[in-house]
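Participant: Pasting in a structure now, in structure tokens, and then I'll have a few things to ask.
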Amino acid sequence: MLELLATAEPGGTSLAQALLQQVANGIAKGSVYALIAVGYTMVYGVLQLINFAHGEVYMLGAYFSYYPAKWMGYTTDPEDPTFVPAKVPLYVVGFLFVCSMACCAFLGMLIERFAYRPLRNSSRLAALITAIGVSLLLQNGGIMLFKADPRGFPTLIEQSSVDLGLVALTNTKIIIVVVAAVMMTGLHLFVQKTRPGAAMRACSFDMRTARLMGVNVDGTIGLTFAIGSIMAAVAGVLVAMDQPTIDPLMGLMAGLKAFVAAVLGGIGSIPGAALGGLLLGVTESVVGTFSTTYAEAVAFVLLILVLLVKPSGLLGKSGREKV
Amino acid sequence: MTALLQTSGLTIQFGGLTAVDAFDCAIQPGDLYGIIGPNGAGKTTVFNMLTGVYLPTSGIASFGGTRINGRSPAQVSALGISRTFQNIRLFDELSVLENAMTGAHQHAKINLFDSLLRTPRHYREEKRQRDRAYELLQFMGLEERAGLPARQLPYGHRRKLEIARALATEPRLICLDEPAAGMNTGEKAELSALIRRIRDELKVTVLLIEHDMKLVMGICEKIQVLDYGKTIALGTPKEIQNNPKVVEAYLGGD
Amino acid sequence: MHRTLLLLVVGVSLAFGVDWFLGEFIEEYVVRIINLCGIAIILAVSLNVINGLCGQFSLGHAGFMAIGAYVSAYFTTTLRVLNTETGETVVRAPLFDGAWGFVPALLIGGMAAAAAGLVVGVPTLRLKGDYLAIATLGFGEIVIIMLTNFESVGAARGLPGLPNYASSFWILTFAWICVVSSVFLQRSTFGRALVAIRENELAAEVMGIRVARLKVMAFIYGAFFAGLAGGLLGHLLRTISPSTFGFMKSIEVVVMLVLGGLGSLTGAIVGAIVLTVLPEALRDVEQQAKLPGIRMVVYALVLILLMIFRPQGIFGQRELSLKLLRRLLPGGRK
Ligand SMILES: Nc1ncnc2c1ncn2[C@@H]1O[C@H](COP(=O)(O)OP(=O)(O)OP(=O)(O)O)[C@@H](O)[C@H]1O
Ligand SMILES: [Mg+2]
């Protein structure tokens with residue numbers, strides 16, 4: 001197809017070029033979706049709950065690094081009295097990431113402990129509505145505290161374009177892809193190779209049996225929320241760094257689409273989340289070359305198509321009801 | 001006499017496991033036919049294949065001359081096979097009477113607008129269903145609990161309600177999956193009598209899965225024994241009791 | 001049949017009387033809230049048929065509303081379309097005029113939404129629970145995005161200038177019709193079959209209930225009334241834009257149901273009223289306390305606490321009746 005485009009017309013080369021560029025952008029976008037999607041997928045795997053508040057955790061991840069940066073005097077707002085257009089040292093960048101990860105991990109566990117744990121034995125619908133409630137709470141709490149209008153995020157890393165041969169990407173986008181790849185691989189290894197990871201797998205396979213076999217179920221669920229939130233925090237800071245603006249509603253669509261990515265890949269599967277995220281990001285970007293508004297619809301069209309063909313998602317396992 | 005239900009080579013596999021292997025049977029109208037076998041022998045799976053819940057891997061099942069494998073549960077039900085479930089599946093939030101009425105739903109000849117506009121046809125249909133359901137509750141001895149939500153029904157009554165609901169579909173063949181499970185001796189005796197009356201008074205052919213040997217031997221005229229999905233014996237209760245293979249399956253099985 | 005006609009006459013007269021009373025004696029602000037309650041009741045009661053009775057968890061109600069709102073507005077509103085080639089604005093007069101043109105426009109909107117219900121209901125038959133929820137949510141979002149691309153109805157800017165036809169009379173009349181017909185549906189062989197599907201789909205199917213057909217029917221029924229409600233809301237707000245019908249709107253309706261007790265029709269009505277009045281009441285609090293934004297925060301907190309302490313909703317699956325009231329009120333007989 002690309003070849004065809006390349007040889008068809010003189011203008012074709014540039015179209016192929018543009019598409020390839022969009023694929024690259026899409027991979028960056030998809031990496032973010034993947035980072036957020038693992039949180040959905042892991043929580044769903046264990047609790048069968050769509051943690052609607054997860055998108056807000058991502059949003060707060062951005063704010064949890066914005067404020068420390070601001071207090072340290074790094075801001076982009078020229079109106080701000082503390083404005084210093086200084087370059088941010090690397091250890092500060094690292095500190096901001098860690099700070100946001102720690103805060104989000106704590107927040108995620110807090111949400112689980114106080115909003116979801118009391119409902120573990122009620123209907124799933126009640127839990128879902130609670131999740132929506134938590135999401136609304138964080139979103140509107142965010143609007144109250146941070147004000148609704150977008151804020152400029154300090155330049156943690158000076159953006160520049162990097163030529164990768166066929167395509168060019170900004171350095172921040174490359175960082176997104178690399179960090180996401182490392183974190184996703186790390187998470188996968190953690191879940192597959194370590195004891196807490198095995199406990200998580202046991203819980204998502206069958207919580208009752210896991211408990212009987214001596215797994216600390218509450219602790220494991222807490223850990224699941226913490227890890228998911230850490231991934232979302234990283235995504236939040238990365239996006240803030242790339243954009244570079246943040247607002248209290250940034251988690252709404254991003255969260256929804258990341259959830260779609262999780263469903264696409266097969267809910268409960270970490271590689272599935274990665275695959276779903278990339279698929280969604282790339283498709284969105286490619287469609288975006290033709291129409292930006294219809295690009296918004298891509299996620300949902302893909303979602304419906306996948307659900308209709310394989311309701312358990314691309315890498316999900318399907319079960320059969322025993323009668 | 002042609003068989004009401006005839007199967008040949010009915011087989012189903014789950015992954016590597018052949019749960020039912022070449023199940024052959026011929027059930028005549030008016031039979032009271034038992035299927036027994038140790039746990040996991042594949043009895044319930046046979047019912048699932050007969051009622052469209054599972055699709056057989058191979059083999060043929062025909063009912064009254066019509067092929068039924070490959071049809072949906074609702075289609076099989078319309079042809080005249082009904083069943084109960086080993087793990088009771090009542091509509092808990094509906095009342096006892098309403099549970100039985102849902103069995104009669106499939107014969108309703110009205111459309112949604114009849115009900116939304118409350119036409120005379122709607123009222124006639126409601127009366128038909130209510131009367132029939134009530135008759136069957138009386139038949140099963142449940143009429144006093146008609147107004148109770150099904151979830152509040154005691155265990156033994158829940159099994160009976162499942163039978164009443166299945167009968168409300170006006171079947172020609174009813175498949176009962178361990179109807180006596182969890183009942184005490186008195187209830188079992190009463191149930192035996194009821195099953196006979198279903199066949200004799202309601203003229204419904206009965207296919208019965210039951211672990212209680214006394215009950216099965218007491219009321220069935222023909223019994224088929226499954227073990228690991230295969231038929232190991234077929235005959236009258238006397239023949240089955242004296243069949244060494246059956247004894248071995250039950251004693252040596254586990 | 002006679003009863004139905006009688007009920008209709010009673011409902012219309014009541015709506016007429018209330019409309020007159022509201023117009024004469026009640027301040028406009030309160031009338032507006034009552035109108036919004038009426039619309040919310042239609043939404044909640046119709047969604048209750050899909051989510052509550054049939055147990056099909058749908059998050060697509062706002063999509064159906066959007067279709068009803070836009071289609072009915074298409075017939076009643078003066079459209080101004082910019083012709084990109086000539087650069088002129090073409091003005092198209094309303095196709096239907098006056099209050100009596102409003103009803104056919106609404107019904108067409110409802111039917112368009114019902115058709116969408118069919119389109120959504122059939123392919124999603126295989127999906128259950130959360131998967132269905134998320135697919136229907138996706139459907140709603142797709143509707144919004146398509147509307148954002150339709151220049152003739154104002155695209156993302158929205159469509160202004162809808163005539164103010166949605167009087168209390170019409171809103172209450174349609175709310176009445178929706179409630180009565182939903183009660184009739186619930187208390188019929190179809191209603192029992194829907195509940196049977198919710199309670200145990202497999203058993204329902206084995207009892208000969210045509211599950212697929214009934215699920216689609218529930219979708220069509222719910223979508224029709226959602227479309228009507230959308231049309232009414234459009235002509236009440238008088239400006240509609242795609243963002244009016246985002247997925248938060250669907251969630252709002254689900255919350256109404258869950259608050260009242262999923263599967264309980266009276267619960268749906270109470271939930272609709274509470275969740276329409278509560279945010280309005282909080283709006284006053286917000287202004288007096290000078291804490292902009294506190295309204296939605298409180299709303300969210302109420303939601304969470306309610307789910308934690310009463311997850312089955314106010315009424316559970318029971319219907320509100322005098323008997324239940326007596327039991328719930330302090331000092332009542334058990
Ligand atoms: N949906 C399914 N998927 C996989 N295996 C199944 C399924 N349904 C049944 N089986 C297997 O088929 C075999 C037969 O099961 P079945 O329920 O028919 O036994 P049964 O004779 O009814 O036993 P019981 O007396 O305990 O009810 C069992 O090994 C069971 O695990
Ligand atoms: Mg069995």
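The values are calculated or read from the model by the stated rules, or taken from the named source; none is laboratory data. Since the structure is predicted, the reported quantities are computational estimates derived from the model, not experimental observations. Using ideal geometry, Cβ is built from the backbone for each residue, glycine included, and neighbour counts are taken over all protein chains shown. Ligands, DNA and RNA are stripped out before the accessible areas are found, and what is left, the full protein with its side chains, is counted by its heavy atoms. Shrake-Rupley method; radii C 1.70, N 1.55, O 1.52, S 1.80 Å.
Participant: Under the √(5λ) rule applied to the eigenvalues of the Cα gyration tensor, what semi-axes describe the equivalent ellipsoid of the stretch B:5-251? Give them in Å, descending.
Facilitator: Semi-axes, largest first: 32, 21, 15 Å.
Participant: Over all residues in C:179-191, what is the mean tally of Cβ atoms on other chains that come within 10 Å of each residue's Cβ?
Facilitator: Taking the mean over all residues of the peptide, I get 5.
Participant: Here's a follow-up. So what's the gap between the Cα centers of the stretch A:206-224 and the stretch B:227-248, to the nearest angstrom?
Facilitator: Value for the Cα centre distance between the two parts: 46 Å.
Participant: 222 nm [θ] for chain B, helices only, -39500 (n - 2.57) per DSSP H run of 4+, per residue, to 500?
Facilitator: That calculation yields -11500 deg cm²/dmol at 222 nm.
Participant: Dipole of the protein assembly as shown, Cα-centred, from +1 at each Lys and Arg C-beta and -1 at each Asp and Glu C-beta, to the nearest 20 debye?
Facilitator: It works out to roughly 2240 debye.
Participant: Would you calculate a helix-derived [θ] at 222 nm for chain C, using -39,500 (n - 2.57) for each DSSP H run of n ≥ 4 and dividing by the full residue count, to the nearest 500?
Facilitator: Helices in chain C give a 222 nm mean residue ellipticity of -23000 deg cm²/dmol.
Participant: Give me the base-10 log of I(q)/I(0) for the protein assembly as shown at each q in 0.07, 0.09, 0.10 Å⁻¹, Debye formula, one uniform scatterer per Cα, rounded to two decimals.
Facilitator: The computed values of log10 I(q)/I(0) come out as -0.68, -1.06, -1.24.
Participant: Rank B:T119, B:A146, B:L136 by how far each Cα sits towards the positive end of the charge dipole of the stretch B:108-150 (+1 on Lys, Arg Cβ; -1 on Asp, Glu Cβ) and give me just the farthest.
Facilitator: Going by the charge dipole, the pick is B:T119.
Participant: Using only protein heavy atoms and a 1.4 angstrom probe, determine the accessible area buried between C and A, summed over both sides, in Å² to the nearest 100.
Facilitator: Approximately 3500 Å² gets buried when C meets A.
Participant: Mark the label point 7 Å from the Cα of C:T239 along Cα→Cβ and return the residues of the stretch C:143-185 whose backbone N is within less than 13 Å of it.
Facilitator: Under 13 Å, as judged by backbone N against the label point of C:T239, lie C:157-162 of the stretch C:143-185.
Participant: What ratio of Cα Rg to 2.2 N^0.38 Å holds for the stretch A:237-323?
Facilitator: Compared with the compact-globule rule of thumb, the stretch A:237-323 sits at 1.23.
Participant: Ordering A:W71, C:W170, C:W20 by how much accessible area each has at a 1.4 Å probe, largest first, what is the list?
Facilitator: In descending accessible area the options line up as A:W71, C:W20, C:W170.
Participant: Relative to the Cα centre, what is the charge dipole magnitude of the stretch C:2-246, using +1 at the beta carbon of each Lys and Arg, -1 at the beta carbon of each Asp and Glu, and rounding to the nearest 20 debye?
Facilitator: I would put it at about 680 debye.
Participant: In the stretch B:5-251, if the dipole is taken from +1 on Lys/Arg beta carbons and -1 on Asp/Glu beta carbons about the Cα centre, which of B:G15, B:M213, B:I110 is farthest to the positive end?
Facilitator: So the residue we want is B:I110.
Participant: Enter the angle in degrees (range 0 to 90, nearest 10) between the Cα long axis of helix B:185-200 and the first principal axis of the Cα atoms of chain B, meaning the one along which they spread out most.
Facilitator: Approximately 80 degrees, to the nearest ten.
Participant: While we're here: With charges set only on the Cβ (+1 for Lys and Arg, -1 for Asp and Glu), what does the dipole of chain B come to about its Cα centre, in debye to the nearest 20?
Facilitator: It comes to approximately 640 debye.
Participant: How big is the stretch C:2-246 in terms of Cα radius of gyration and Dmax, in angstroms?
Facilitator: Calculated on Cα positions, Rg and Dmax stand at 19.0, 64 Å.
Participant: Could the peptides A:226-232, A:101-107 be put in order, highest first, of the mean number of other beta-carbon atoms found within 10 Å of their residues?
Facilitator: Descending packing order for the listed peptides: A:226-232, A:101-107.
Participant: Another question, then. With a ≥ b ≥ c the root eigenvalues of the C-alpha gyration tensor of chain A, is it rounded (a/c under 1.5), prolate (a/b larger than b/c) or oblate?
Facilitator: oblate
Participant: Per DSSP H run of n ≥ 4, the term is -39500 (n - 2.57); total these for chain A, divide by its residue number, and report the mean residue ellipticity at 222 nm rounded to 500 deg cm²/dmol.
Facilitator: After summing the helix terms and dividing by residue count, I get -24000 deg cm²/dmol.
Participant: Could you work out, residue by residue across B:108-120, how many beta carbons of other chains sit within 10 Å of that residue's beta carbon, and then give the average as an integer?
Facilitator: Partner-chain Cβ atoms within 10 Å, mean over residues of B:108-120: 5.
Participant: For the stretch C:148-203 and the stretch C:101-124, what is the separation of their Cα centres, given in Å?
Facilitator: Between the Cα centres of the stretch C:148-203 and the stretch C:101-124 lies a distance of 9 Å.
Participant: Now for a different question. Considering only the protein assembly as shown, what is the antiparallel percent among its DSSP beta bridges, to the nearest 5?
Facilitator: 65 percent
Participant: Using a Gaussian network model of chain C with C-alpha springs under 10 Å, which one of C:L132, C:L265, C:L43 is most mobile by mean-square fluctuation?
Facilitator: C:L132
Participant: Build a GNM of chain A with springs between Cα atoms under 10 Å: which of A:V263, A:V309, A:V134 gets the top mean-square fluctuation?
Facilitator: It is A:V309.
Participant: Let me cross-check A:I304: its accessible surface, 1.4 Å probe, with only protein heavy atoms counted, in Å² to the nearest 10?
Facilitator: Counting only protein heavy atoms, A:I304 exposes about 40 Å² to solvent.
Participant: Right, next: Starting from the Cα of C:A281, step 7 Å toward the Cβ, then list every residue of the stretch A:122-162 with an amide N under 15 Å from that point.
Facilitator: No residue qualifies, since no backbone N sits under 15 Å from the label point.
Participant: Can I ask one more? For a quick check: with amide H placed at 1.01 Å from N, whose amide H comes under 5 Å from B:F23's, ignoring anything fewer than 5 positions away on the same chain?
Facilitator: B:G9, B:L10, B:T11
Participant: Here's a follow-up. Once label points are set 7 Å from the Cα along Cα→Cβ at both B:Y155 and C:V81, what is their separation, rounded to one decimal in nm?
Facilitator: 7.0 nm
Participant: Right, next: Let me confirm one metric for peptide A:295-306, namely the mean number of other chain beta-carbon atoms within 10 Å of its residues' beta-carbons.
Facilitator: What the average comes to for A:295-306 is 5.
Participant: What is the spin-label model distance, in nm, from C:R92 to C:N164 if the labels are put 7 Å beyond Cα along the C-beta direction?
Facilitator: It is 2.6 nm.
Participant: How big is Rg to Rh over the stretch C:75-173, alpha-carbon atoms, Rh as the Kirkwood inverse-mean-distance radius?
Facilitator: 1.06
Participant: Which value results when the Cα radius of gyration for the stretch B:1-113 is divided by 2.2 N^0.38 Å?
Facilitator: Ratio of Cα Rg to 2.2 N^0.38 Å: 1.19.
Participant: Summarise the accessible area of the stretch B:5-251 (1.4 Å probe, protein heavy atoms) by the percent that is carbon and sulfur.
Facilitator: That fraction is 52 percent.
Participant: Can you give the direction-averaged projected area of the convex hull of the alpha-carbon atoms in the stretch A:214-259, in nm²?
Facilitator: 3.9 nm²
Participant: With the dipole of the stretch C:1-92 worked out from charges on the C-beta (+1 for Lys and Arg, -1 for Asp and Glu) around the Cα centre, which of C:Q56, C:L8, C:L36 lies farthest toward the positive end?
Facilitator: C:Q56
Participant: Would you please name the trypsin sites (Lys or Arg not before Pro) within the stretch A:225-323 that are DSSP coil residues with at most 11 other C-beta atoms within 10 Å of their C-beta?
Facilitator: Answer in residue order: A:K317, A:R320, A:K322.
Participant: Post the alpha-carbon centroid distance, the stretch B:36-76 to the stretch C:262-313, in whole angstrom.
Facilitator: Their Cα centres are 51 Å away from one another.
Participant: When the solvent-accessible surface of protein heavy atoms is calculated with a 1.4 angstrom probe, in what order do C:Y165, A:Y63 fall, highest first?
Facilitator: Accessible-area ranking of C:Y165, A:Y63, largest first: C:Y165, A:Y63.
Participant: A:A226: net charge of surrounding residues, Cβ under 15 Å, Lys/Arg +1, Asp/Glu -1, itself excluded?
Facilitator: 0
Participant: Here's something else I'd like to know. Over the heavy atoms of A:T75, what accessible area does a 1.4 Å probe trace out, to the nearest 10 Å²?
Facilitator: Near enough 10 Å² of accessible area.
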